[in-house]
Structures are given as structure tokens and as C-alpha cells.
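A quick write-up on the structure given underneath.
What follows is calculated from the coordinates using simple rules that are stated; it is not laboratory data. Here the structure is a predicted model, which means the values were calculated and not measured. Glycine gets a Cβ as well: all are built from the backbone with ideal geometry, and neighbour counts include every protein chain shown.
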Amino acid sequence: MTKHSEYRDEVTIRFAGDSGDGMQLTGTLFTNTSALHGNDLRTLPEFPAEIRAPAGTVPGVSSFQLHFGSKEIMTPGDICEVLVAMNSAALKANLDRLKRGGTIIANSSGFDKKNLNLAKYPEGKNPLTDGSLADYNVIEVDVTKLTKDALADSNLSNKDVERSKNMFVLGLLYWMYDRSLESTINFLDKKFGKKPEIAAANIKVLKAGWNYGETTETFASRQVKVKQASIAPGKYRNITGNDATVLGLVAATKQSGLPLFFGSYPITPASDILHGLSRHKNFGITTFQAEDEIAAISASIGASFGGTLGVTSSSGPGVALKGEALGLAVMLELPLVVINVQRAGPSTGMPTKTEQSDLLQAVYGRNGESPVAVVAPKSPADCFETIFEACRISLEHMIPVMYLSDGYIANGSEPWRYPQVSDLPDIAVKFAPKSKEDEKFLPYKRDERLVRDWAVPGVPGLEHRVGGLEKQDETGNVSYDPANHQKMTDLRRNKRDKIADFIPEQEVDSGNEQGDVLLVGWGGTYGTIRTVAHELRQEGMDVSHAHIRYLSPFPKNLAKLFSGFKHVIVPEINDGQLVRLIRAELEIKATAINKVEGLPFGVEELKSRIHNELEMLNSKENSELELPHGI
Amino acid sequence: MVFDTILSKHVSDSKNGSLLEEIPNYVGKDFSSDQDVRWCPGCGDYTILKQVQNAMPDIGVRKEDVVFISGIGCAARFPYYMDTYGLHSIHGRAAAIATGLKVTRPELSVWVISGDGDSLSIGGNHFIHALRRNVNVNYLLFNNEIYGLTKGQYSPTSPQGSTTKSTPFGSLDHAFNPLSVALGADGTFVARAMDRDPKHLNEMILRANQHRGTSMLEIYQNCIVFNDGAFGLFTDKQSRPAETIYLEHGKPLIFGKDKNRGIRLDSYKPEVVDLNDDISPDDLWIHDEQDSYKAHLLSRFFDTPTSGEGHFPRPFGVLYAVERDCYDDLVCKQNLAILEKKGEPDLDALLEGPETWEVK
Ligand code: SF4
């Protein structure tokens, strides 16, 4: 049998099955192998919203999408070309994510009468046989049976045999994409170190899957090769956004030399940060699962009052509960980092779906004039640097910082060229020194950045009282004096604004420094917008892309940068929030492109919406040209 | 402090010269700050402030190591008047803030100052969770059975039927019994005192301080403006002997003007008896601070009939005090054990993670 290899520069695969089918692990292992192979990649897992939805049903489907290539890969892919469907429900739930003409690898035993019923296909209808999939390339493989056959002479229980069927699929896909089995074999040996018979069985099934590809007619001409990507040299690992956030916090603890207190209350999709940090207590970290969101932030404020870096995490609804306490931290002028892993709102909304609709909440969402700093990571790996920045700004400027991640980057993963500790910057902490004899300590005395010193209990002579009531400048004594309130309001705002002197100026991510169109994004849409900008330039358009990490205060040169473009277009996964900030704070005319479906933009989708917007903008311009004085 | 960091170094450096161990010979007024006290004249808060300040020299802690944390309410102004570290926070959250502080700075003496609304309405959740965790803080709950700062609405401890600004036709809510709530939350130290008995109050403050764990001291505090005389039955010279009973560990429950009445337990049913030839103090209920069942019974000397059979005097003193690991100790212990087990942290190894690859 001759083997044909086809070279491709990118591939998107979607693994889908019942929650119990191990699709997340299968996807992760394929990801790791592809990373080791040298591909650039992005992943996106999607879990069912219910913890244990009934097996075989559509709500019980769990999927994992992987986009890998030999070119720069910035998104998990709009749609996939290969869909692995372990059962009928998985096919039903994911078919609309498969490209026309794409390949479906269907586990045929997942399409028996029982599974078809559970997936609510009409009685007597089987998509594999009724012709409804004529537009696709369907490969039926009886994974369940082949797995059983491979393990026929083992003593494993039926349950253990059944459980290893994902390895068959993985082996088969490894053959299809010409990947090495080595890292997965190592993984299995390690994972089942104490149960070598299970490890051996899984490896056997993995190899059986590979061999099936190698020897079966259907696959004979289907091997696809994806070469290494040209990636900056260095050492890499794969990382999710939530994990990178955890590591960034640990790094900030180390680089500031401070202990860290993390107060949190479980909430999707932020809980993994609590889980992750709670494993690293030997780094000077205390984690506290509080009785509620308010206690979580309050305890963190208590820790900050005592000289520890207080951090709290949540998602939108929880952050709403934290609002009052956040205002207290603004008044106290203490360091505090508030992590918001955004999800679709309002109210409980769609907990497992992504959205970037808490930006205005972060910037303005408290009672009174209550300025905080706001930063947002752009990708899973960027969470590391951005949370580190959040800690740095908070500690160096004695101000609460909101960090806006989102469900999409929190769970998504990408290769990360991880830094060496020796490359990390230091974070400078300034404690108030012991006061001199007979000198009255002034807790709200400020330096040239308008930052007060951090006076911590235990230091003799600095005994002082702080609180949520308006305070007199310098002394911190309660004051209702009108002029003082104006002054303090100005000071708190100016202190926040002065952070702009200590953050990098805004750069163009790609494209020209000035020109026709500037696409402006923030947060998790980075990869999509970057890809879109690139593709639009390839179409011959003059399109640049700027990505804003520092959302409050904005980088100083932002307005100037924007004014160099004819059109500023702001795509967001919300109803228009950054665009409002840009219009209001910078007085720039900007065009909004919004989507609120709980899903990220697709590259094609965003491209066509940009084309539409530009068409409208240009036709408006032309009509304005015809009517120079307007009507 | 749990971890050896720039924080621990900063604090210990700053203490150099002030000899860590040595406690200056403080007097009560060393603890009064330069701020004018702004409570209404005649408010019960004044006595409590005075007794706390008086107790401070006896707690054996340097004043820079003392922190008062309050929420919102009349009582919450308290930290401003103490020349220690202080934090006047937001409504109901003092216990949660104190938890974060104590867990990270266990060497500090942390005091929570709260009121009935602050602790039992808006902050009820933090109140019970501090108690069940047994965070080692002293929790002074000033109970005046009214909202004073917002000018006279009923509170969660106002008796049902209270006519207040927000309940002109009488309140309908059943009142909380703070000590039962505290016991129900598995508090390890539950005590009661009153503003009008400063000597006993002072004793109770010191007892609360001695106890390791959340020391919950309810203090009956007269709000002279909005709820004057709410505790008159217990504070008036006339009625006091018959209506109050002072608890002492190991001593029989005796009360009355001539110390001639007592409480006896008929199996687990308490009854008021007259001491006479037939009933001696030895026959009475002997107070045992460590008996949780009896503590619960005592806490129910609360919603009893106002007179006659089944009416009991209100207990003051320590109802319950037992040892249980406190949360901040457990946190420290666990952190240290993890440090020992995992060894000096290696951030480079952590950043690298389990699986890496190199691009050349
Ligand atoms: S209102 Fe009542 S509790 Fe408040 S200060 Fe005045 S007397 Fe005291």
C-alpha cells in the first residue's frame, strides 16, 4: 500500500464525546504532542454547563478544539476540518462547527439505537446512514469494538476497557497527522505508575489506533503532515490562562518579596485560579476560601492592611458583590488585586460562555468617584505578564487594580515561552518607616506620584486609623469639609491617572503607524483581531491593529495614535464598552463591532463585518462629500 | 508571621531598640487617641470605650501590635478613639477583614467592634463563619437593640412588637438571641456583659482576650437617644438583683437581693428555687463553662415569660469557653508543614512545569 502525504500549513480538529469519554484529555495529549512536534497552536475546551448531564445526551457533550499549524496560529480556529464524534449527541452538538466537506470520524457504536434516542434523533433516523451527511467525508470506525478486540486477552474490567477507547481515537489521529506516540506513552506510564496493567492497556489501545490507520484501506491516502512552525527560539510549555494567572501571582509574590493572601469564593470560570494557587503555599501564599464573595475581598483587604499583598478573584456576578469593599480599598489606598474572569451576563447569564462585558463595571462600577486601575490579558500565556503587572501597579501605586480575564482565555491554552526568574523585574514595595520621636505620623502624606506609604501594624509610632469615611488629606482624620472632599477626589483620580507615566506607551501590534483603518481590541479577542488584520492586509487593505492592555488609565499616547487613522474600529464581545470609553475619554470617533452570543468572533465573521462597516463608512463619507454643508 | 518576607523583616527591624519582649508600663489613657469622641452624651459606648482602654495595659501587648476593626454603626466609630492601629470599614464586614488580617499577621492582637445590626443583619454571614472557624480575635458586640446611626429603626435584636421609626405599628420580626446564634455557630467563647457594670465588663474584656479563638462578648449598651432603658430591667438598681445572674465557673447559680434564690436542674429542666433549709447551694446547678448543653440552656434564659413560672434572670458572664484549634493557628501550621514538605520553593521549576520543549 503506498502512503501519500499531503502537507498543510494549518489544521483544526475538534474532539467531541460524552463527558465520560475523556475528550479533554485526548485533546490535551494531542496538543502536547503537537507542541513537541514544533507546531504553533491554540486550543479551546468546551465543557457541559451541567456537572453530570445524563450520558449520551446533547447537554452532556464535552469538546475540545485544537488549531495547529506551521504558520502563526492566533485562535483556536473558527470551524474545524476534522470532527471526532464519539457518539450521536457529540455529532449533533458539533456538526455546525465542521466545515462543509470536512471529515467526521464517527464511533459507530455511539450511533446505535440507544444513543440515537438519547441524542433525540427522530425515530429510525441515523445520520450516518440517512444521507444527511452527504456533504461530509464520513469515516465510521467501531472504536468501542476495536478497543475491546485490542484488549481481548487482558484481565481488565469492562469499565476499564471502555474507558481506554479514547486512546484508540488518539492513536488513529496520531497516525493521520504523523505524530510520535512517545510523549503520550510517557504520560500514560507516569499517570498509571501504580497500575502498570492499566498503563499497558492504554498504550496497547493507543498503538492499535495507530495501526488501524496504517493498515486500513480507508486511511491509506490520508496522512497529513504539518511542519514545524517558525517560532521564536526558546523553551516552551503549554499553558491555560488560569494557570498562567496563578504563576504570575506566584512570580509577583517572589519579585515583591511579600507574602500573598488570596481570598476567593468558587465561581465558574475563575475557580481554577483558587485551585492552582492553593497548591503553591510554600511560596509564601495563603489561600482562603471565604463564606462569600464579600468576605473574600474583605479578608484580602484585611491582609493588605497588614502588609500582605491581598488578591481576590471571581467572575462578573461575584465582582458585583465585591463592589462596596472595592470602594473601601480605594479609600484606604491599599494594594489589592481583583481578578475578574468574565463570563456571559447579566445576572447568572451563561457561566460557561465567554464575554467581555464587565469593562465598564471595572472602570466605573462603584458608588461615588472611585478610580481604580484596570488591565486585561490578551491570551492564555499573556495572563502571566498581565497579572504580574496588576500586582506591580497595585503595590507601587497603592491602588486597587482590576484584572479582566475571560472564560475564553482562562480555559484556552497556547505554547508559552516561559521566562527565567532572573529575567523578571522586581516590584518595589515602600513601607512607611518607623516615625521619628515626637513627629506625628501622617498616613496620607504622598510622594510625587501621589502615593502614600504603606504603614503596617506592628511598627511602633505609626499607630493610625483609616476607614471608609472621607478623610482629611495627610492626617487621614475624618473630614466632611467640602473643599477637602474635592481635593481628595482630585488626588485619588490624579493618582490613578499618574500611573500612565509608569506604563508603556501604546504601540501598533501590526500594520502601519498611521493610515486607513485601525482595529482596536482588548482582552481575549487579540488573536482573532490579529489574524483578521493580517488577512485584510493580504487582501491589499491598509489595516493596522492596536491591542490595549492598560484600560485605566489608558497609555498617554493613545489619542494621538488613534488620530493617525481615518477609521478606528473596535470589535468587542459585548454591546460596546471599550468603544464607549474611547469616545468618552479620548473624544475619538470610533466604530463599534459587537457580538453577544457567548462565543468569540470567528475570523471570517469578523472580516466580513469589518468589510460591511467600512463600506457603510465610506458611502457615508461619499455622501457627505456630495453635501459639503450637510443637511 | 507565617512567612519570612520583607514584611516580617520590616516589622522586626522597626522594633529594634524597643525591645520586642518588653511591654511599657501603659495606663488606660495611653490608649486614647487625639480624636474627639462623638457619641451622644450619656451613650453607653463611653463606658465600654473606657473599660477597653483600661483593660489594654493588662493584656500584655505593645500598642503597635493592637488593631481595632469595626464595621458601620455608632459602635463602629470606636477604632478612631483608640491610639492603636485601627480600621473603620464597611457595614458588616469587620469579621471578614479581621480574618484576613489575623491569618496573615497572627502575632497581632485583633479586636472586632460591632453592633447588633452590623453583626446580626448585614454581617450575619461573616459573624457565624468567624465563630465556626474560631479565628483568634476578640469580638465585642455592642447590642443596643436598635439602629442608632440611621436614627432609630428596629434591629434584628429588637423585641417583636417594637415601635420604631420603621415600624410605627410594631415590628413583626422575631428577635435574634445573639448568644444562641453564637453557640449555634459553634463559638468557643460566648459571654455577656453590660455597660452599666463596668467592673464586670472589664473582667469580661480580659477574659475574652485570654481566650484563644473567637471570643464573642455581647455587651448590652444603652442607646440613650433611640432606645433608652432597653435593658433597664437588668441595669436598674431595683430590679437588677432579681433579674440578673452572674455566672462563675464551678459556682452554683445563685441570685437575688439577699443571694437567696438559685437555679436548680431537674434532670435538664431548669427551675428557680428559694434557698432554705431543704435546698442548699450544693443542690443547685453548678456552672460549668465547658458544658455546651448547659451553655445552650443558659442562652435560652432570654425569651422566657416576663414573670412567674418559667421566668429566669438574665445570665451575665462567661456562658461557654472551650479550647478548639483556632483558624489562624491551623493556617500557619499547614503553611509551615507544606513549606517543610515541599522544601524551599523553586519558581524556575514551577514556571517550567511538567512538560516543555525547546525551539532552536
Ligand atoms: S444614637 Fe444611641 S448608640 Fe448612637 S451614639 Fe447616640 S446614644 Fe449612642
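Structure data summary
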read-out: Long-range Cα-Cα pairs in region A:5-225 (distance over 27 Å), rounded percent; value: 28 percent
read-out: Radius, Kirkwood style, for region B:167-326 when every pair of distinct Cα atoms is counted (Å); value: 16.6 Å
read-out: 10 Å-binned pair-distance histogram of region B:194-256 (Cα, whole percent); value: 19, 43, 32, 6
read-out: Among B:157, B:214, B:104: highest mean-square fluctuation, GNM of chain B, C-alpha pairs under 10 Å; value: B:104
read-out: For region A:5-225: relative contact order, % (alpha-carbon pairs under 8 angstrom, 6 or more apart); value: 21 percent
read-out: Residue of B:87, B:347, B:298 that the Gaussian network model of chain B assigns the largest fluctuation, springs spanning Cα pairs under 10 Å; value: B:347
read-out: Separation of alpha-carbon centers, region A:306-340 and region B:2-75, rounded to whole Å; value: 26 Å
read-out: Geometric extent, Cα atoms of region A:185-322 - Rg, Dmax (angstrom); value: 22.5, 70
read-out: Normalised alpha carbon radius of gyration of region A:237-423 [divisor 2.2 N^0.38 Å]; value: 0.91
read-out: Cα convex hull of region A:501-631, projected area averaged across orientations, nm²; value: 8.6 nm²
read-out: Long-range HN-HN contacts of residue A:591 with modeled amide H, under 5 Å; value: A:568, A:569, A:570
read-out: Per residue convex hull volume, Cα atoms of chain B, in Å³; value: 205 Å³
read-out: Calculated on alpha-carbon atoms, Rg and Dmax of the protein assembly as shown in Å; value: 33.5, 115
read-out: Global geometry of region A:430-503, whether rounded, prolate or oblate, following the gyration tensor of its Cα atoms and the 1.5 cut on a/c; value: oblate
read-out: Surrounding net charge for residue A:269, when Lys and Arg each add one and Asp and Glu each subtract one, Cβ distance under 10 Å; value: 0
read-out: Cubic angstrom per residue, convex hull over Cα atoms of region B:21-102; value: 92 Å³
read-out: GNM top mover of B:153, B:210, B:35 - chain B, alpha-carbon springs below 10 Å; value: B:35
read-out: Test item: Cα-centred dipole of the protein assembly as shown, Lys/Arg +1 and Asp/Glu -1 on Cβ, debye; value: 760 debye
read-out: Part-to-part distance (alpha-carbon centres) for region B:242-291 and region A:239-257, which is given in Å; value: 61 Å
read-out: Region A:574-590-region A:478-498 distance, computed between alpha-carbon centres (Å); value: 26 Å
read-out: Within-12-Å neighbourhood charge of residue A:111 [Cβ basis; K, R +1; D, E -1]; value: 0
read-out: Mean Cα-pair separation over length for chain A, i.e. relative contact order, pairs under 8 Å, 6 or more apart, %; value: 11 percent
read-out: Sequence-distant residues sharing a close amide H with residue A:342 (under 5 Å, placed H); value: A:405, A:406, A:407
